[in-house]
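The values are calculated or read from the model by the stated rules, or taken from the named source; none is laboratory data. Since we're looking at a predicted model, the values are computed, not measured. Virtual Cβ from ideal backbone geometry, glycine too; neighbours counted across all protein chains shown. To get the accessible areas, we keep the full protein, side chains included, count just its heavy atoms, and leave off ligands, DNA and RNA. Shrake-Rupley method; radii C 1.70, N 1.55, O 1.52, S 1.80 Å.
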Amino acid sequence: MPAILQLVDVWKSYDEVKALCGLNLEVFRGEIFGLVGPNGAGKTTCLKIIVGLLKMDKGSIMVNGIDPTIHPYEYKRLIGYVPESVSLPDYLTVEELLIYSGKIRKVPNEVLKQRIDSYLKIFDLEEKRKTLILQLSRGMKQKTAMASALIHDPDLLILDEPLIGIDPAGQHAIKQIFNKRVEENKTVFLSTHMLDTAERMCNRVAIIHKGKNVATGDLRHLRRLSETGEDATLEEVFLKLTEETRMEKKE
Amino acid sequence: MSIFRDLYMFKVKVFLGALRSSKSSLLLIAIYVLGLLPSSVGMSLTVVNLVKGGIDLTTYVDLFSIILNVIFVFLLLFSLRGYVAYEYEQNVIFTSPVDPRTYLLASLLTDITAISIFLFPAYLFLIIIIVSLQLSVLSTAMVVTCLILVSFFIYFIKTSLSILESHLQNIIIRAIIVLVAALLLFPAVEYALQHQIGYSKLPYPSTLVTEIVLRSIQGSPLNPMLIFGVLTYFSLSLILFLHCSKIILFLHCSKIDIYRYAKPIPLVSPFDTSMRTQTIKTGQNIRFFSKVGSYISLNIESKSLQIFLIKKEIVRMTRDGSFFIVLLFYVLLSIISFLSRSSEAAFPMLLFLLSFYAFLVPAMLMSNWRIVEQDLLWIPITAGLDFVFITKAIMYTFVITGFTVPAILILILSVVNNFEPITSLVLVASSSIIGSSINLYTAMEFLSKKRRATPSIMISYVAMFLSGLLISPVYIYALANIFLGFDILIRIVFAVPTLVYSVAIYRVFSKKIERKALNIELS
């Protein structure tokens, strides 16, 4: 199966602090992939490097075979991104933000109109169409950001802690969208520290710890790898694997 | 008593928090001091000279009453919001078992402390007057007492009306506030239109206070009725305030405390240059200006992406108040320049002054752009949009705004005064072209990780300094035109290289901006 996203030996440090130490990842088409790890493991740094907000010190990234250092604009048009703490232009209305997001991604006007109507309906934002973003609640802002990230129908949707601050109905809508995208052979790549979310939503996960990929695979594979037994939860697997890494480092 | 003291100390520390936390706040204080001290000295010396030359009491009672009443009305209109409390007070004090009366008294004392600290240029103003005019102890005491009494009078009335508004929450109390404001301003409006009534003929609190102060300074005898009047007004305001405190006490005793009525407002410490404070202010601006700015909106139909992005910038500037600030800046500048000109011959200088400050406009616009847009850059960066579209949209919008607003004003003034405006228009055009590119370049330079924490105001100073340097050849062109009196043909001939120079600077910095844009990192 061809990988939609491929990270090979990615390194990144902030001054003296190493955030990523030779991270390798492979994410395939038509899956929901979770990046899990403790605080400071390098999840957000990894996501920001993929979407082009940070530059890596060393390594390579490809999305659908496109190298961002050669074709940065084509590369980015394949991606939709929602950051963890969403800042949106407070001075625009919900509809205006979606128009802006679509325009800068060169979505044709007719398609853009249809998608705006469709996503406003899906995210239950129709009544807020003409409302300034400033006046929205945190959850509504998150849903608006999600609609904005989907407006150009990206092949790869990247989300940093996507369910935080969203009400149960919103979470349900988001899960349905993820499933629909998988049916359309698109990919969802999310980072989360909520292990139950990752367990329920993702086909495969990668556990990263101290900037390295400790293990990748579905839950069954990870259970085998960590020798935690057939009924072990992702939390138990996670604790075992990260603990082992810690012990290895100490030795 | 110890709760009262602790509460007071806590509130003062929070209020002055910005001064303790940031060096740039100290820089702002230095600018405040350096900016106001010369004005205080200048104004006090003007008053001293006026008094020594003999003043017309009626005119100056009218003049000072207008100033006092405008301040009073400005503060009074805040009562329409009802009783307000800072968010931190709601979170920290209102959730603890503090008696509302203790809180109110601590607030009163904090406000007095804060006002006393920040009014220090006024002390210098008073000291110079007292020393220069060799006022007696009695006259000095009279002046100082009157000023203190009128300050308390305004404070008591404002606080009482706020409490009443929160307590009663009906239209009558709001109507009373508006009516009082209208009554206070009526003589000023009438004075400006017909010049018949004026404050000096009416027994307003401001009239009595200014007359006592001016007579004390002048050394004229005081009518005891004036003192009686001031004391009466003060006593009435105090009674009203105490009555409103009783309302609070009653509410507290009946288990319905004032805290329930206090509307939360964010705390903005004086001289606070932090991004948090700027964001709060921007949020307030957007709430206010979006009502006006909603007439201009983004729509899907734009065919050109560049025009769409320019329109988006215009929408932002309308809704975050940037455009209003530019308008206000030029209106105030025009009024000041117009009032301060001595003769028709000074008109070219007036236009020069008006266009001289044009280089400040891109700095003002860029400062707002940084506050509003810095955290939003992730949207275009992750969208796969060539960042040059964004930088061009910003620069074009800034050039258009920086040129159009003053140009319209200059053209109007030129037509009214029958004067040729070429020099000023060239100066305004060059200032906006050079200023916009340099300000954007500086903003991009400070987007780098190590410099991102630099306060917006510091970045504006750097950009203004650079702009001033590079615009200086254009100033030389303008001054040469004024003082050497070139005819229109030579002015036009010299205008061409001046504009070419500005465009060249613009292009050089545009290239630098494009290179910078490729390497933006947002952590």
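Observations on the structure shown:
- The residues listed here are A:Y119, A:Y100; of these, the one that is open to solvent by less than 20 Å² (accessible area, probe 1.4 Å) and not acidic (D, E) is A:Y100.
Matching residues to (1) in a helix (DSSP H, G or I); (2) at pLDDT 85 or above; (3) farther than 30 Å from A:S148 by Cβ; (4) open to solvent by less than 10 Å² (accessible area, probe 1.4 Å):
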| site | (1), (2), (3), (4) |
| --- | --- |
| B:F359 | yes, no, yes, no |
| B:V388 | yes, yes, no, no |
| B:V399 | yes, yes, no, no |
| B:T404 | yes, yes, yes, no |
| B:V416 | yes, no, yes, no |
| B:V428 | yes, yes, yes, yes |
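- Unique residue being within 14 Å of another protein chain (Cβ to nearest Cβ), out of contact with any Phe, Trp or Tyr (no Cβ under 9 Å at 6 or more places or on another chain) and within 14 Å of A:I32 (Cα to Cα) when the list is A:D160, A:D155: A:D155
- Across segment B:299-314, the number of residues qualifying as under 21 Å from A:T131 (Cα atoms) and either surrounded by fewer than 22 Cβ atoms within 10 Å (Cβ to Cβ) or not aliphatic (A, V, I, L, M) (or both) comes to 8.
- Members of segment A:216-234 that are buried (at least 21 other Cβ atoms within 10 Å of the Cβ) and in contact (Cβ under 8 Å) with a residue 24 or more places away in the chain: A:L234
- Inside segment A:74-94, residues that are out of contact with any Ser or Thr (no Cβ under 9 Å at 6 or more places or on another chain) and open to solvent by 20 Å² or more (accessible area, probe 1.4 Å) make up a count of 5.
Rundown of residues vs (1) at pLDDT below 95; (2) in a helix (DSSP H, G or I); (3) of a type in the set (S, T, Y), yes/no style:
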{"residue": "A:D90", "(1), (2), (3)": "yes, no, no"}
{"residue": "A:I99", "(1), (2), (3)": "no, yes, no"}
{"residue": "A:K106", "(1), (2), (3)": "yes, no, no"}
{"residue": "A:M140", "(1), (2), (3)": "yes, yes, no"}
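- Yes/no for A:T242 being modelled with pLDDT under 85, in contact with a Gly (Cβ under 9 Å, 6 or more places away or on another chain), open to solvent by less than 70 Å² (accessible area, probe 1.4 Å) and not hydrophobic (A, V, I, L, M, F, W, C): yes
- Every test in (1) part of a helix (DSSP H, G or I); (2) open to solvent by less than 70 Å² (accessible area, probe 1.4 Å); (3) at pLDDT below 85 is passed by B:S502 save one, and that test is (3).
- Within segment B:169-184, being open to solvent by less than 60 Å² (accessible area, probe 1.4 Å) and at pLDDT 85 or above holds for B:A175, B:I177, B:V180, B:A181, B:A182, B:L184.
- Of the residues making up segment B:84-93, just one is over 16 Å from B:G17 (Cβ atoms), open to solvent by 10 Å² or more (accessible area, probe 1.4 Å) and within 23 Å of the chain's Cα centre (by Cα), namely B:V84.
- Looking at B:S96, B:S139, just one residue is over 21 Å from the mean Cα position of the chain (by Cα), surrounded by fewer than 17 Cβ atoms within 10 Å (Cβ to Cβ) and not basic (K, R), and that residue is B:S96.
- Inspection of segment B:205-218 identifies at least one residue that is modelled with pLDDT under 85 and open to solvent by 60 Å² or more (accessible area, probe 1.4 Å).
- Those residues of segment A:102-116 which are under 24 Å from the mean Cα position of the chain (by Cα) and more than 7 Å from chain B (Cβ to nearest Cβ), in sequence order: A:G102, A:K106, A:V107, A:R115, A:I116
- Residue within segment B:75-89 that is of a type in the set (G, A, S), touching a Ser or Thr at 6+ places or on another chain (Cβ under 9 Å) and in a loop (DSSP other than H, G, I, E, B) present: yes
- Any hit, segment A:41-61, residues being on the phi < 0 side of the Ramachandran plot and in contact with a His (Cβ under 6 Å, 6 or more places away or on another chain): yes
- In segment A:18-64, the residues that are surrounded by fewer than 19 Cβ atoms within 10 Å (Cβ to Cβ), within 14 Å of chain B (Cβ to nearest Cβ) and touching a strand residue (DSSP E or B) at 6+ places or on another chain (Cβ under 6 Å): A:D57, A:N64
- Residue in segment A:39-61 that is closer than 23 Å to B:R316 by Cα, assigned to a loop (DSSP other than H, G, I, E, B) and out of contact with any Gly (no Cβ under 9 Å at 6 or more places or on another chain) present: no
- Some residue of segment B:159-168 being in a helix (DSSP H, G or I), modelled with pLDDT of 80 or more and open to solvent by 60 Å² or more (accessible area, probe 1.4 Å): no
- Selected residue (criterion: nearest to B:D6 (Cα to Cα)) from residues of segment B:91-113 that are in contact with a Leu (Cβ under 8 Å, 6 or more places away or on another chain) and assigned to a helix (DSSP H, G or I): B:A106
- Summed over segment A:77-101, the residues that are among the charged types (D, E, K, R), facing chain B (nearest Cβ under 7 Å) and over 20 Å from A:G52 (Cβ atoms) give a count of 2.
- Considering (1) outside any helix (DSSP H, G or I); (2) surrounded by 20 or more Cβ atoms within 10 Å (Cβ to Cβ); (3) over 13 Å from the mean Cα position of the chain (by Cα), the lone condition that A:D153 does not fulfil carries the number (2).
- Scanning segment A:162-174 for residues that are open to solvent by 10 Å² or more (accessible area, probe 1.4 Å) and of a type outside the set (A, V, I, L, M) turns up A:G165, A:D167, A:P168, A:Q171, A:H172.
- Unmet criterion (only one of (1) within 14 Å of chain B (Cβ to nearest Cβ); (2) surrounded by fewer than 22 Cβ atoms within 10 Å (Cβ to Cβ); (3) touching a helix residue (DSSP H, G or I) at 6+ places or on another chain (Cβ under 7 Å)) for A:S13: (3)
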